[in-house]
Amino acid sequence: MFEVELSITPQRAWIHNISPKYQAVVKILDCKPVKRGGAVQELFEILVPEDQVEAVLKELKSDPSIRGLEVIGVKDGRITGSLISHTCSACRVLASSGCFLISSTLNRDGTISWLMLGNKSSIKKLLNQLERQGVRFALKKIERARTPNMLTKRQEEVLLLAYELGYFDQPRRIDLHSLASMLKLSPPTLSELLRRAQKKVITEYIKSKQAQRSIK
């Protein structure tokens with residue numbers, strides 16, 4: 001397995017309408033392909049000044065590129081929810097690649113930083129499809145993974161259950177919402193738990209020129 005960091009310059013994405021206009025920090029917590037229409041369902045988190053929350057929600061509801069908006073929670077300027085978008089070709093490629101998205105953050109220069117985990121074939125598929133779709137990207141880092149035993153008992157239990165139920169399969173046999181319901185957690189809480197566990201797993205990655213060459 002490899003950890004990959006990409007800097008993406010998306011052609012169109014709803015987050016470009018939100019982040020600079022409202023001084024918001026937008027994070028994509030998870031994404032998956034929708035069966036019909038080539039769209040992508042995204043689980044998101046938006047951090048925004050509290051006095052801008054209503055304006056951000058209004059913007060999301062009126063954006064023609066968004067449908068199926070579901071707000072999960074709003075607290076202290078933190079908006080969590082899910083939506084379906086059909087304008088981001090890079091997101092569609094990622095959702096169908098088989099790579100696991102660890103984090104996705106919009107940078108001030110308009111690029112999006114993706115941190116992902118995947119095997120050789122899924123990463124090659126991702127890079128090839130991005131090129132075919134004409135998506136501009138820069139490969140920032142590729143490191144081979146190793147898995148030190150640093151997980152808490154709870155993190156290990158959740159990761160094992162997620163694996164056994166097919167959360168990491170492509171296509172997924174269970175989505176984040178269903179898994180969260182089984183564990184009696186909110187989707188954002190589960191997403192954060194999984195992300196923390198994954199970060200621990202990849203803390204001691206080994207940088208290697210050989211690993212880089214094996215992906216090319």
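The values are calculated or read from the model by the stated rules, or taken from the named source; none is laboratory data. Just so it is clear, the structure is predicted and the values come from calculations on it, not from any experiment. Here the Cβ positions follow ideal geometry from the backbone for every residue, glycine too, while neighbour counts run over all protein chains shown.
Here are some notes:
- Taking residues in the stretch 29-50 that are closer than 21 Å to GLU192 by Cα and outside any strand (DSSP E or B), and partners anywhere that are among the small types (Gly, Ala, Ser) and at pLDDT 85 or above, the pairs with Cβ atoms closer than 6 Å and at least 6 places apart or on different chains are VAL48/GLY77.
- Note on the stretch 72-101: residues that are within 11 Å of LEU126 (Cβ to Cβ), among the small types (Gly, Ala, Ser) and part of a helix (DSSP H, G or I) total 4.
- Taking every residue in the stretch 62-86 that is outside the structural domain of LEU190 (by TED's automatic domain parsing) and closer than 18 Å to SER19 by Cβ and pairing it with any residue that is basic (Lys, Arg) and assigned to a strand (DSSP E or B), at least 6 positions away or on another chain, the pairs with Cβ-Cβ distances below 9 Å are LEU83/ARG67; SER85/ARG67.
- Any chance GLY134 is on the phi > 0 side of the Ramachandran plot, out of contact with any Asp or Glu (no Cβ under 6 Å at 6 or more places or on another chain), small (Gly, Ala, Ser) and loosely packed, with under 15 Cβ neighbours inside 10 Å: yes
- In summary, LYS75 fulfils each of the numbered conditions (1) over 17 Å from ALA13 (Cβ atoms); (2) exposed (fewer than 15 other Cβ atoms within 10 Å of the Cβ); (3) touching a strand residue (DSSP E or B) at 6+ places or on another chain (Cβ under 7 Å) with the single exception of condition (3).
- Pair list, Cβ < 8 Å and 6+ apart or interchain, from the stretch 150-162 residues that are closer than 17 Å to ASP175 by Cα to residues that are of a type in the set (Phe, Trp, Tyr) and modelled with pLDDT of 75 or more: ALA162/PHE168
- Test: residue in the stretch 30-50 that is within 17 Å of the chain's Cα centre (by Cα), at pLDDT 85 or above and more than 20 Å from HIS177 (Cα to Cα): yes
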